[in-house]
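Structure, as structure tokens:
The values are calculated or read from the model by the stated rules, or taken from the named source; none is laboratory data. These numbers were taken from a predicted model, which means no experiment stands behind them. Cβ placement follows ideal geometry from the backbone for every residue including glycine, while neighbour counts extend to all protein chains displayed.
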């Protein structure tokens, strides 16, 4: 079952379980999707159909990235299981860590765009939805920072492998 088909309570249960995934990357993507949904709602009430449509696209992209994150680290774990004296280990681990850094980078980019749309609505949107737009901006900014840090961590491990 895809995580997009699960209830919020089930998602949180999965996140809190003693399993490697979902983890921080999926959580950052879900936060981005939540922020995008708030932007979408605030945009509709601000008569900004184009902004609402883009927020909907970003929400879908964030959910796809959350799903991708579920398996993004598996190749890293596989490479780490190789014997330390295996000549292919370092190269496989470097490649896996580089690839694992990709989806958090994409989450960060998506979150950045969501945050910008939210800030525009804070400035120029319906005053009654300013709190929702602010919430969206802060959620997206935090998700973007978290995803950026996850990417940095993966890339920093490359030099240590």
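See the values below:
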{"read-out": "Some residue of region 22-35 being on the phi < 0 side of the Ramachandran plot and either in contact with a strand residue (DSSP E or B) (Cβ under 8 Å, 6 or more places away or on another chain) or part of a loop (DSSP other than H, G, I, E, B) (or both)", "value": "yes"}
{"read-out": "Residue count, region 38-61 (criterion: in contact (Cβ under 8 Å) with a residue 60 or more places away in the chain and within 15 Å of residue 113 (Cα to Cα))", "value": "6"}
{"read-out": "Residue satisfying condition, being closer than 29 Å to residue 152 by Cα, modelled with pLDDT of 95 or more and not in a helix (DSSP H, G or I), within set 54, 18", "value": "18"}
